[in-house]
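The values are calculated or read from the model by the stated rules, or taken from the named source; none is laboratory data. Predicted model only: the values in this text are computed from it and were never measured. Cβ sites come from the backbone with ideal geometry, for glycine too, and all protein chains shown count toward neighbours.
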């Protein structure tokens, strides 16, 4: 494929990663929804599950569809679902439509993540694939970083946080139209599909799958707990506490950007091992040192984001390279692991209650996930 043609094809594909980042807004939206409708801590904590449960339910059906109609067409379906969800609250705005909007966001994001990552493999392979996928995660991280600012913009200048929905909807429309108009190399459409869950009989694939569950749990959990930590330890207001999520995402963006270059040069295992052990240390420090210094709290939140920034790409690309002939099925299975974003928030909420509503409980749950990832670096 010619270089200029490759670049033109890459641009709309990588812009799809920007749309993929919209799902991370659920972390800060939890508090907005809680305050808007007067929900309990447990009920509002269920919101991330409404988004991420679809990664468990729809990943395999998406693989079936993708094998029939191709990766690009599947991505366009995901864009359509996301657009519907983003404009739904403007028909009726109540708790039900709000939760439905996030459910549609989760459905669209599931389809997008299952199909977009394999589409990148149409253009790259080997180490270049790991680096390219991580480049996509850089774009996703930039989108996630913009989320808190878009929410604050919607509140301050548009009058209500709900106005972030049409902003996301318009961006998704632009992304879909751009991809539709751009030629992208077409993979050979499969005539049959193996159930991805059968691949879990392979011990290595099982460990990779659990690794995705763990790293997504850390990502969503840290995003969610960052705001609560600033409110608990520093008495920040609801709006000001958005800086916690912003710090997490900007450090994750920087880490993913640097990781794109490091992963092209150094051992993937060494990179994985150094970064995940560092993340575990940062989580434990944040849990056991009840410091009320903004520098310490924000610094640890940012350090966790930096350390974990490229772990998802490392695990995902390693799984694909373990069985390249099963790229679609591996992608569907690994994306199913994003259900970790639905599993960890409720566990963190319950653990927090055990610690008298202190966020230390949630951080310990995330530390367990980091311990598993440390174990994973020695097993695969």
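Side notes on the structure shown:
- Near pairs, Cβ below 8 angstrom, 6+ apart or cross-chain, from region 184-203 (closer than 17 Å to residue 115 by Cα) to any residue that is modelled with pLDDT of 70 or more and in a loop (DSSP other than H, G, I, E, B): 184/122; 185/122; 185/123; 186/70; 186/122; 187/70; 187/122; 189/70
- Tally, over region 68-101, of residues that are farther than 23 Å from residue 161 by Cβ and modelled with pLDDT under 85: 0
- Taken over region 257-269, the criterion of being at pLDDT 85 or above, under 13 Å from residue 132 (Cα atoms) and in contact with a helix residue (DSSP H, G or I) (Cβ under 7 Å, 6 or more places away or on another chain) is satisfied by 257, 259, 262.
- If only residues of region 19-45 that are surrounded by fewer than 18 Cβ atoms within 10 Å (Cβ to Cβ) and in contact with a helix residue (DSSP H, G or I) (Cβ under 7 Å, 6 or more places away or on another chain) are counted, the one that is modelled with the lowest pLDDT is 41.
- Residues considered: 335, 330, 371. Of these, the only one that is closer than 30 Å to residue 43 by Cα and at pLDDT 85 or above is 371.
- Scope region 26-58; condition assigned to a loop (DSSP other than H, G, I, E, B), free of Cβ contacts under 8 Å to residues at least 24 places away in the same chain and over 24 Å from residue 153 (Cα atoms); matching residues: 40
- Residue match in region 272-281 (condition: outside any helix (DSSP H, G or I), in contact (Cβ under 8 Å) with a residue 60 or more places away in the chain and either out of contact with any strand residue (DSSP E or B) (no Cβ under 7 Å at 6 or more places or on another chain) or crowded, with 20+ Cβ neighbours inside 10 Å (or both)): no
- Residue match in region 95-114 (condition: under 19 Å from residue 173 (Cβ atoms), free of Cβ contacts under 8 Å to residues at least 24 places away in the same chain and not in a helix (DSSP H, G or I)): no
- Qualifying residue in region 74-84 (condition: out of contact with any strand residue (DSSP E or B) (no Cβ under 9 Å at 6 or more places or on another chain) and on the phi > 0 side of the Ramachandran plot): no
- Spans of helices (runs of 4 or more DSSP H) in region 299-380 with at least 2 residues closer than 30 Å to residue 67 by Cα: 311-322, 327-336, 340-354
Listed here are the residues, each with its yes/no results for (1) out of contact with any helix residue (DSSP H, G or I) (no Cβ under 7 Å at 6 or more places or on another chain); (2) without any contact (Cβ under 8 Å) to a residue 60 or more places away in the chain.
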position	(1), (2)
316	no, no
319	no, no
324	yes, no
328	no, no
334	no, no
341	no, no
347	no, yes
350	yes, yes
